[in-house]
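> First, the structure itself, so that you have it in front of you.
The values are calculated or read from the model by the stated rules, or taken from the named source; none is laboratory data. Worth saying up front: this structure is predicted, and the values here are computed from it rather than measured. Note: ideal-geometry Cβ built from the backbone for every residue, glycine included; neighbour counts use all protein chains shown. Side chains included, ligands, DNA and RNA excluded: accessible areas come from the protein's heavy atoms. Shrake-Rupley method; radii C 1.70, N 1.55, O 1.52, S 1.80 Å.
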Amino acid sequence: MSGQQHPGERLSAELKDWAEANQVRFQWVDGTGRIVGPDSVARAALCFAPGFWDRFSSVSAYRQEEAVAAIVSDVFCQFDAAWAGAQPKAIEVPLSYLEADN
């Protein structure tokens, strides 16, 4: 992938400002996107469907943007529950985010 960024970098960029505003960080650990609190405890994990990134790379730029927007929306909507819970919350990222009518 010389000269190309991993598709997840776009998601990281979208979540960076939000994470800072919420005093958390978004980081990648073994292919899983994690939201980590200031206490270094993972509060949520983005669980991508098998083959998600391969499929992501093969769809149109428009569909990629739509998928990233859907993931970001899920994070925003589910963050409060993740923060309040004692266990990290799994935020599922299905392949359907890459389909025309997700």
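> Quick one: how many residues across the stretch 10-55 are within 14 Å of Val72 (Cβ to Cβ), part of a helix (DSSP H, G or I) and either open to solvent by less than 80 Å² (accessible area, probe 1.4 Å) or not small (Gly, Ala, Ser) (or both)?
Residues in the stretch 10-55 being within 14 Å of Val72 (Cβ to Cβ), part of a helix (DSSP H, G or I) and either open to solvent by less than 80 Å² (accessible area, probe 1.4 Å) or not small (Gly, Ala, Ser) (or both): 10 in total.
> Given (1) open to solvent by 70 Å² or more (accessible area, probe 1.4 Å); (2) among the hydrophobic types (A, V, I, L, M, F, W, C); (3) modelled with pLDDT under 85, identify the lone condition not met by Phe76.
Going through (1) open to solvent by 70 Å² or more (accessible area, probe 1.4 Å); (2) among the hydrophobic types (A, V, I, L, M, F, W, C); (3) modelled with pLDDT under 85 one by one, Phe76 breaks only (3).
> Taking the stretch 35-55 on its own, how many of its residues are touching a residue at least 24 places away in the same chain (Cβ under 8 Å) and in contact with a strand residue (DSSP E or B) (Cβ under 9 Å, 6 or more places away or on another chain)?
Of the residues in that region, 11 qualify.
> Using beta carbons and a limit of 9 Å, which pairs, at least six apart or on different chains, have the first residue in the stretch 1-18 and modelled with pLDDT of 85 or more and the second one of a type in the set (Lys, Arg)?
Note: pairs meeting the criteria are Lys16/Arg25.
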